[in-house]
Amino acid sequence: MTDDTLTPEQERRIREAFRAVPFARFLGIELGEMKRGEAKLHLEMRDELLRNNGVAHGGVVASLADTAAAFAILTLLEPHETTTTIDLTIHYLRPLLTGRATANARVVRAGRRVLVISVEVTDETETLTATALTSFIELA
């Protein structure tokens with residue numbers, strides 16, 4: 001096993017945690033590949049997620065990025081540890097229209113209580129549509 005590979009128990013725990021997030025289910029977010037400090041999530045664009053002119057709503061893109069960041073962090077946490085978002089800065093680079101969006105999240109720094117995560121959101125052609133930098137704090 002390489003250093004960035006999750007154990008089967010870690011992967012089971014993360015997938016179980018993902019199934020327990022009602023908002024992710026509501027949006028239709030899917031959990032993809034995971035390794036230590038990284039997570040890839042997907043979301044199929046559909047009419048309910050679009051604003052006028054057929055463009056994905058910014059809140060949907062931000063929610064996908066935030067959720068991906070949370071699960072990148074979860075790959076580093078012990079079962080009893082939990083975190084919450086303390087900030088999220090997102091830059092919309094191009095409109096996200098149809099097809100499958102992917103959020104690739106990577107923990108940039110894991111301090112004692114604060115974690116910083118970088119997220120890239122791409123469309124189905126792997127064109128970069130948004131970037132995000134977010135921080136989470138470990139709850140006591």
**Prompt:** How about segment 98-109: which of its residues are over 18 Å from Ile29 (Cβ atoms) and surrounded by fewer than 17 Cβ atoms within 10 Å (Cβ to Cβ)?
**Reply:** Val108, Arg109
**Prompt:** Does segment 44-63 contain any residue that is touching a helix residue (DSSP H, G or I) at 6+ places or on another chain (Cβ under 6 Å), of a type in the set (Val, Ile, Thr) and under 24 Å from Gly111 (Cα atoms)?
**Reply:** no
**Message:** Regarding segment 97-110, can at least one residue be identified that is small (Gly, Ala, Ser) and farther than 17 Å from Ala39 by Cβ?
**Reply:** yes
**Request:** Answer with yes or no whether Arg36 is basic (Lys, Arg), farther than 18 Å from Thr127 by Cβ and modelled with pLDDT under 95.
**Result:** no
**Prompt:** Looking at this structure, is Thr67 hydroxyl-bearing (Ser, Thr, Tyr), within 25 Å of Glu16 (Cβ to Cβ) and not in a strand (DSSP E or B)?
**Reply:** yes
**Prompt:** Can you tell me which residues in segment 1-52 are part of a loop (DSSP other than H, G, I, E, B), under 17 Å from the mean Cα position of the chain (by Cα) and not aliphatic (A, V, I, L, M)?
**Reply:** Gly28, Arg36, Gly37
**Request:** Pull up segment 117-138, narrow it to residues that are of a type outside the set (Asp, Glu), more than 13 Å from the chain's Cα centre (by Cα) and assigned to a strand (DSSP E or B), then point me to the one that is surrounded by the most Cβ atoms within 10 Å (Cβ to Cβ).
**Result:** Thr129
**Request:** State which residue is surrounded by the fewest Cβ atoms within 10 Å (Cβ to Cβ) when the search covers only segment 70-95 and only residues that are in a strand (DSSP E or B) and in contact with a helix residue (DSSP H, G or I) (Cβ under 9 Å, 6 or more places away or on another chain).
**Result:** Thr84
**Prompt:** Which members of segment 36-49 meet the condition of being touching a residue at least 12 places away in the same chain (Cβ under 8 Å) and of a type outside the set (Gly, Ala, Ser)?
**Reply:** Arg36, Glu38, Lys40, Leu41, His42, Leu43, Glu44, Met45, Arg46, Leu49
**Request:** Would you check if Ala72 is under 16 Å from the mean Cα position of the chain (by Cα) and small (Gly, Ala, Ser)?
**Result:** yes
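The values are calculated or read from the model by the stated rules, or taken from the named source; none is laboratory data. Here the structure is a predicted model, which is why all the values come from computation and not from measurement. Every residue, glycine among them, receives a Cβ derived from its backbone with ideal geometry; neighbour counts consider all protein chains shown.
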